[in-house]
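The values are calculated or read from the model by the stated rules, or taken from the named source; none is laboratory data. What you are looking at is a predicted structure, and each value in this text was computed from that prediction instead of being measured. Glycine also receives a Cβ, built like all others from the backbone with ideal geometry; neighbour counts cover every protein chain displayed.
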Amino acid sequence: MATKRLIALDVLRGLTISLMILVNNPGSWSYVYAPLRHSKWHGCTPTDLVFPFFLFIVGVSMWFSFKKYGTGLTKKGLLKVLKRFSIIFLLGLFLNAFPKFDFEHLRFFGVLQRIAIAYAIAAILCMQFNYKQLFVVFVTILLGYWILLYWGGTDDVYSLTSNVVAKVDLFLFGENHVYKGFGIPFDPEGLLSAIPSIATVILGYFTGRIIENSNNITAVIKKMVVFGAIIAIIGWFWGYLFPINKPLWTSPYVLYTGGLAMLFLAFLLWIIDIKKITTWSKPFIHFGTNPLFIFVFSGIYAKTIIYLVKFTNSDGEILTGYSYLYKEVFVPIAGNMNGSLLFAVTHIIFFWLLTYILYRKKIFIKI
């Protein structure tokens, strides 16, 4: 298929970023509808699809962008990858540190750091190896990670308390520098679990190859539906032996979410390129043109109104700017649960307006 810009891919990128904002910014974490929560451990909710979808998109984009660097791992291509890795990783560290900059308790990893690691290693692998070799690498990553978790853990090897992923992060970085949102020190974006996320990017890269090597858009869609369904089904059934789990980023999770990403991209290609139904997609194109910038900005914004902005309500209670907006503006309008959702949706609209202004002014901030 002719390699014109894939509007459907831009839309999927924008949808993914807007969903990231939605699930990361409820008015209150006590009032969140179940589909907008991550699985507590094993399983996969719609929210658990957001991050792997983004890494899948990174892989699809890599197929088209890497052609300019020639065949094989070139110095120009490697320097470009390492530069981007450094910028994204350091932005992630900054976002973790802001605004307290308590380096003694700084979390080393996070979403941006995971994106940086998965992108950089996958990019080097994709430039170095041909398609057949890369498929062997892909399978080796998935099976090798399964063996690593099975033999490296203790007792229930896939549980929160006895998995090898946590042990490695704690050994290398110490308790002060990992995520504690699970009640114990465990980082869902830690170092060891970054390994299978590389495979998620590679799966996107394979999808880019399918798109370019097909004769027309109809053939692309048919192939993606078949492959996407098969991959997702394999991941689902493998999950009975090796649980589908986002915090561990298990191998079946890679296949299940990657297959669904392929199916969803095929659906968008059908809607946008075949049916020509495009009006609805424009806001997501705006989001998709500055995805990492708006993610970073939304994180800085949220931390600013949580830690740096204070208000006193009518009862004399001092609230953060975040809590004040939720309790004093959105709860009176829609109640606790729907007010929490309305808070998140309003922020999607707010950040979309920013991306729309950037789009109109042709400002595209490359990260």
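Scanning region 106-133 for residues that are surrounded by fewer than 15 Cβ atoms within 10 Å (Cβ to Cβ) and either of a type in the set (D, E, K, R) or at pLDDT 95 or above (or both) yields 106, 132, 133.
Taken over region 46-81, residues that are modelled with pLDDT of 90 or more and in contact with a helix residue (DSSP H, G or I) (Cβ under 6 Å, 6 or more places away or on another chain) amount to 16. Note on region 67-109: among residues that are part of a helix (DSSP H, G or I) and among the charged types (D, E, K, R), the one that is nearest to residue 305 (Cα to Cα) is 104.
Quick grid of which residues meet (1) among the hydrophobic types (A, V, I, L, M, F, W, C); (2) within 22 Å of residue 172 (Cβ to Cβ):
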| position | (1), (2) |
| --- | --- |
| 72 | no, no |
| 88 | yes, yes |
| 95 | yes, yes |
| 100 | no, no |
| 104 | no, yes |
| 109 | yes, yes |
| 118 | yes, yes |
| 121 | yes, yes |
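Apart from one condition, residue 253 fits all of (1) touching a strand residue (DSSP E or B) at 6+ places or on another chain (Cβ under 7 Å); (2) outside any helix (DSSP H, G or I); the exception is (2). Scanning region 313-367 for residues that are among the aromatic types (Phe, Trp, Tyr) and in contact with a helix residue (DSSP H, G or I) (Cβ under 7 Å, 6 or more places away or on another chain) yields 322, 326, 330, 343, 351, 352, 356, 359, 364.
As for region 282-289, it holds at least one residue that is part of a helix (DSSP H, G or I), over 28 Å from residue 163 (Cβ atoms), over 20 Å from the mean Cα position of the chain (by Cα) and outside the structural domain of residue 54 (by TED's automatic domain parsing).
For residue 32, state whether it is modelled with pLDDT of 90 or more, within 17 Å of the chain's Cα centre (by Cα) and buried (at least 17 other Cβ atoms within 10 Å of the Cβ). Here the answer is no, as residue 32 does not meet what is asked.
Would you call residue 158 assigned to a helix (DSSP H, G or I) and touching a residue at least 24 places away in the same chain (Cβ under 8 Å)? So residue 158 does not fit the description; no. So in region 171-188, with the set limited to residues that are among the hydrophobic types (A, V, I, L, M, F, W, C), without any contact (Cβ under 8 Å) to a residue 40 or more places away in the chain and not in a loop (DSSP other than H, G, I, E, B), which one is surrounded by the fewest Cβ atoms within 10 Å (Cβ to Cβ)? Only one residue fits best here, namely 171. Filtered by the rule that a residue be loosely packed, with under 13 Cβ neighbours inside 10 Å and outside any helix (DSSP H, G or I), region 335-367 gives 361, 362, 363, 364, 366. Regarding residue 314, is this residue small (Gly, Ala, Ser) and either closer than 17 Å to residue 58 by Cβ or over 23 Å from the mean Cα position of the chain (by Cα) (or both)? The answer is yes for residue 314. Could you go through region 50-63 and let me know if any residue there is out of contact with any strand residue (DSSP E or B) (no Cβ under 9 Å at 6 or more places or on another chain), surrounded by 21 or more Cβ atoms within 10 Å (Cβ to Cβ), not assigned by TED's automatic domain parsing to the domain that holds residue 84 and not in a loop (DSSP other than H, G, I, E, B). There is no residue in region 50-63 that is out of contact with any strand residue (DSSP E or B) (no Cβ under 9 Å at 6 or more places or on another chain), surrounded by 21 or more Cβ atoms within 10 Å (Cβ to Cβ), not assigned by TED's automatic domain parsing to the domain that holds residue 84 and not in a loop (DSSP other than H, G, I, E, B).
One residue alone among 129, 138 is over 28 Å from residue 291 (Cα atoms) and touching a helix residue (DSSP H, G or I) at 6+ places or on another chain (Cβ under 9 Å), and that residue is 129. The residues listed here are 77, 72, 43; of these, the one that is surrounded by 14 or more Cβ atoms within 10 Å (Cβ to Cβ) and on the phi > 0 side of the Ramachandran plot is 43.
Those residues that are surrounded by fewer than 16 Cβ atoms within 10 Å (Cβ to Cβ) and in contact with a Leu (Cβ under 9 Å, 6 or more places away or on another chain), I need them from region 141-151; list them, please. Selection gives nothing.
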